[in-house]
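Each remark here refers to the structure printed beneath this line.
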């Protein structure tokens, strides 16, 4: 069965225009991703839409977000409210994007119930640009916004064929591997980040081989990696082509890279190297707090998630090593629906939140790679460290990883395919299903959803 062909976006493993120039590498690199940091939120929240004011007479700007995007955590709302005493900022957060996005799409389709500002994850930006662009204010016309302020491919990801730029990029997600030094030491593995990276350099099969070594001596009840979904996402993020081809055809079932990544992840599950958890669920959060796994695929925004879910005694016990192959996982945008009651003020807020200075502050707190090149030379980025990873030079590690990110075709329904492969696919292998049974279940689920 063939799904509908939909408009595509190209990106460095996450969306946008193909980048032939190495300039991007230099640009995108000295940065460190932010965005869809999943964390501490509730999937139910208030859905009443924009608010024009509160009892104090201030104008209230509402933001609809997913995960932990870091604006509140970095103190940016408080800073903006001090700079603008007549503004009050409220955010409504849903933890998992797959719960957030369908609701957003419904609100956009009906043009009702929207917040003043809405976040869009990179896996959804192609569909939003193709089908909902007319619902958003053109951010290229907002005061102080210039195209040159963003990586060119990041800007293009949110730009419609008609020329309107419907949202401004917040981050990119060059990927590494975060690991627990204490658990590696107990398992007889090296703990120095360069030596750790050499264990699996260039090959995800070497990563699994390291997991088998870990398992032989690891503490009972601990796993090498956090989840099958995390592993599958990481492997696929390092491929140049995954779910769509450049012509817009859905190819996930016939692309050997996808089946190979699925089978490799299934093998890890069969060998007990990944725990039977779905990422960004409460049970998975608990395993972070209780140190139940030693590694996880780690774009820079994941550092903020680790920090938010860990026990205080975990500070400094994590480190960051290069991934077997570079890839991009994540990246988000902020757009302003035209139906909002405070469009002009919301545009000012979005422009300010995504300015280089604020992106650099987000990096300092969340370890997130800016999508604004001007942020890369700022001290917050150049000297960036993270409490959880101690003295690890995360700026250098993630910036070098960003230089190797492949240009990847991104389709409008990438999230549906990705979620089907993880939450309805490889996770089943941890529950006793064979790889073949899990693949069949995943593809049936995906194709049914693509046909809706």
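Across q = 0.11 Å⁻¹, region 238-312 modelled as identical point scatterers on its alpha-carbon atoms has Debye log10 I(q)/I(0) values of -0.42, in the order of the q list. Taking the Cα centroid of region 146-171 and of region 253-293, what is the distance between the two, rounded to the nearest whole Å? Taking the Cα centre of each part, region 146-171 and region 253-293 sit 33 Å apart.
Length gained on full extension, residue 106 to residue 201, computed as 0.36 nm times the residue gap minus the Cα-Cα distance: 29.9 nm. Listed by Cβ neighbour count within 10 Å, with the fewest neighbours leading, 177, 172 appear as 177, 172. Here the label points at residue 216 and residue 311, each 7 Å from Cα along the C-beta direction, are separated by 2.9 nm in the simple model. Per residue, the convex hull spanned by the Cα atoms of region 387-452 amounts to 158 cubic angstrom. The fewest-to-most ranking of 73, 437, 143 by surrounding Cβ atoms within 10 Å reads 143, 437, 73. What separates the Cα centres of region 367-384 and region 393-452 is a distance of 29 Å. Counted over region 257-374 with a bin width of 5 Å, the fraction of Cα pairs per bin, in whole percents, is 2, 8, 14, 16, 17, 14, 12, 8, 6, 2, 0. Within region 338-450, the proportion of Cα pairs with more than 23 Å between them is 59 percent. Counted over the chain, the DSSP beta bridges are approximately 70% antiparallel.
Would you compute the Debye intensity of region 164-320 from its alpha-carbon atoms alone, equal scatterers and no solvent, and pass along log10 I(q)/I(0) at q = 0.10, 0.12, 0.18 Å⁻¹ to two decimals? So the normalised log intensities are -0.39, -0.55, -1.14. Applying D = kT/(6 pi eta Rh) to region 273-326, where Rh is the Kirkwood radius over alpha-carbon pairs, T corresponds to 4 °C and eta to 1.567 mPa s, the Stokes-Einstein value obtained is 108 µm²/s.
Axis angle, to the nearest 10 degrees, between helix 414-423 and the longest C-alpha principal axis of the chain: 40 degrees.
With viscosity set to 1.306 mPa s and temperature to 10 °C, compute the Stokes-Einstein D of region 94-210, Rh being the Kirkwood radius across alpha carbon pairs; µm²/s, no decimals.
Calculated translational D: 90 µm²/s.
P(r) tail for region 352-393: Cα pairs beyond 17 Å make up 21% of the total.
Each of 439, 329 has some number of other Cβ atoms within 10 Å of its Cβ, and from fewest to most they run 439, 329. Dimensions of the chain based on its C-alpha atoms, expressed as ranges along the principal axes with the largest first, amount to 63, 51, 43 Å.
No lab work stands behind these numbers, since they all come straight from the coordinates. Note that this is a predicted model, so its numbers are computed, not measured. FYI the Cβ positions are ideal-geometry reconstructions off the backbone, even for glycines, and counts take in every protein chain you see.
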